[in-house]
1. Just from the alpha-carbon atoms, what are the Rg and Dmax of the stretch 221-277 in angstroms?
2. Computing the accessible area with a 1.4 Å probe over protein heavy atoms, can you report the carbon and sulfur percentage for the stretch 224-294?
3. Using each residue's phi in the stretch 238-247, evaluate 6.51 cos²θ - 1.76 cosθ + 1.60 at θ = phi - 60° and report the 3J(HN,Hα) Karplus result to the nearest Hz, with x for Gly and Pro.
4. To the nearest 20 debye, what charge dipole does the stretch 243-290 have about its Cα centre, counting +1 at the Cβ of each Lys and Arg and -1 at the Cβ of each Asp and Glu?
5. Assuming 0.36 nm per residue, please report the length gained on full extension of the stretch LYS257 to GLU140 beyond their Cα-Cα distance.
6. Can you list residues from other chains, or at least 5 along the same chain, whose modelled amide H is less than 5 Å from the amide H of LEU201?
7. To the nearest µm²/s, what D does Stokes-Einstein give for the stretch 145-243 at 4 °C and 1.567 mPa s, using the Kirkwood radius over alpha carbon pairs as Rh?
8. Which whole-Hz couplings ³J(HN,Hα) result when phi for each residue of the stretch 248-259 is put into the Karplus expression 6.51 cos²θ - 1.76 cosθ + 1.60, θ = phi - 60°, listed in order with x for Gly and Pro?
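The values are calculated or read from the model by the stated rules, or taken from the named source; none is laboratory data. All values reported here derive from a predicted model rather than from experimental measurement. Cβ: placed from backbone, ideal geometry, glycine included. Neighbour counts: every protein chain shown. Accessible surface areas use protein heavy atoms only, side chains included; no ligands, DNA or RNA. Shrake-Rupley method; radii C 1.70, N 1.55, O 1.52, S 1.80 Å.
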Amino acid sequence: DPILKPKGFEVAQDQAGDAPRRAKMVAEKRLPRGTSDIQGLSAANMYEMNEAGVIEQIDYGKLPNAANLLPQMKYPYGVGHIYSGKVAVYNPKLINPAPTSFKDVFDPKHGNKHGIIDIQYQYVMAAAALAAGGKVSDFEPGKALLLEAKKAGVRVYPTNEAFAQALKNEEIGIGVMWKARVVQWQNAGISVESVAPAEGLPMYVSGFAIPQNAPNKEGAYAYMNAMLDKGAQENFAIDMGYNPTVTGATVAPDLQKRIGFTAEEQKRLVDLDYGYIAKNDQALKEWWDKVFKA
């Protein structure tokens, strides 16, 4: 589409653990002309790149469709594209009764039927912290629960896909994951259900940011505005299982039930403390690798 992809326009989509690409953005900071016009990043990574001084402050006057953007998705340095929440996931054939909280998920009684995703260590630690009565701005209380789960035999999988395969094979029966990914797994025939945990639902937000030295900023804004279009957002919900970030998008009731949250659950959505994560990530990752996974 010539509107979405002007000549010379490139989109770099973020991938879990793609630290080298973010490092490239920082390395290119000194160049008058960078190599990409727009970057797809998680909210945490947008925060990190903003702190590094490599992305633009968004001019919302150039985004007419941002008039419908949910306030939580309107970052000074990026625009929310899609979002979901971290939920308890379980195989109803293996786990009975169903969990109602993160505390239920981290219960040592699940032994090696409990699975954890390595690349999601930040979000797993946030869930464990909430389960222990803590906050998303302090992961320390959750460490004891994680060590109890480790002692009980919790299985750690390197990626989301490996975790899904273990669910499919019934090697595990419970864990935590984004509700949107659960929809994708259900569509693939995996026996899995989700529950909005009582303690709160940490949000995952995927968005777009513009490098300060982007060669085609006009094209970047055109892309951002198009992705906020009502029709585009509705199709993201269908294809990706994530919630629209704009008001007015129509999601079919059956799909809304699978990907969305009730009015009561929406009150429990919690955005992560990206400043806390950025400041403490090195220490958190070191504990994760050298203590929890050791």
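1. Computed over the Cα atoms of the stretch 221-277, radius of gyration and Dmax are 13.4, 37 Å.
2. That fraction is 53 percent.
3. 5, 7, 10, x, 9, 7, x, 9, 10, 6
4. In total the dipole reaches around 80 debye.
5. So the chain would gain 38.8 nm between LYS257 and GLU140.
6. LEU269, VAL270
7. After rounding, the answer is 78 µm²/s.
8. x, 6, 9, 10, 4, x, 5, 6, 4, 5, 7, 9
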